[in-house]
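Report on one structure; see the data block that follows.
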Amino acid sequence: MTIDTQIFEQLSFLRGTKTLIIGIGNTLKGDDAAGPLLCQKLQQHRISAQLIDAAIVPENYIQQIIRKSPKNLIVIDAIDFNAPPGSIKIFKPQELNSLVISTHTLSPRLFVDMITAEIDTETYFIGIQPAHTQLGQPLSPEVSDAVEQLLDILIKLFPPSD
């Protein structure tokens, strides 16, 4: 079974649900651009899920997310979980601990805890293992491939609504 198939199967129950996808990351820091880049690509495909490119300030979108009140929340971010670059892993919020490193000021777990204190939503983090996140670096080929894999998966899960 390929990574694409595994991820698709893990998320297939989300098809047809009110889902909000949030991309987090810094487009100036190499592979940290994965979340925003994926959101930008998804916007071009007009998928049925709602999208927010939160860039490096996801906390600025907490009230907007609460107002949208999605049944499911998917947060896409470059997360260091000690895997080969470009690896993709789905985390539940309770799995995000001190062993998972995010590059953002507000921890991903605290971000979600603030939202779920206000609304009932299931949250899934899709982490992409970065190769590098230094300022001025380009996206690595491995993370670029992972973004394209996730793009295909999310388009299948949330096909454009005409």
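The number of Lys pairs in the chain with C-alpha atoms less than 26 Å apart, excluding pairs fewer than 8 positions apart on the same chain, is 22.
Once a ≥ b ≥ c are taken as the square roots of the eigenvalues of the Cα gyration tensor of segment 49-162, is the result rounded (a/c under 1.5), prolate (a/b larger than b/c) or oblate (a/b not larger than b/c)? Can you show the working numbers first?
Details: a/c = 1.74, a/b = 1.24, b/c = 1.41.
Cα axes put segment 49-162 in the oblate bin.
Summing Lys and Arg as +1 and Asp and Glu as -1 over all other residues whose Cβ lies under 12 Å from the Cβ of Ile79 gives a net charge of -3. When the square roots of the Cα gyration tensor eigenvalues are ordered a ≥ b ≥ c, the ratio a/c for segment 1-79 is 1.5 or more and a/b does not exceed b/c, which makes its shape oblate.
If you take the square roots of the eigenvalues of the alpha-carbon gyration tensor of segment 110-162 and sort them as a ≥ b ≥ c, do you get rounded (a/c under 1.5), prolate (a/b over b/c) or oblate? The partial results should precede the final answer.
Details: a/c = 3.04, a/b = 1.29, b/c = 2.36.
Oblate is the answer for segment 110-162, as a/c is 1.5 or above yet b/c matches or exceeds a/b.
Readers should treat all values here as calculations from the given coordinates under stated rules, not as data from a laboratory. This structure is a prediction, so every number in the text was calculated from the model and none was measured. Here the Cβ is made from the backbone with ideal geometry for all residues, glycine too, and neighbour counts use every protein chain on show.
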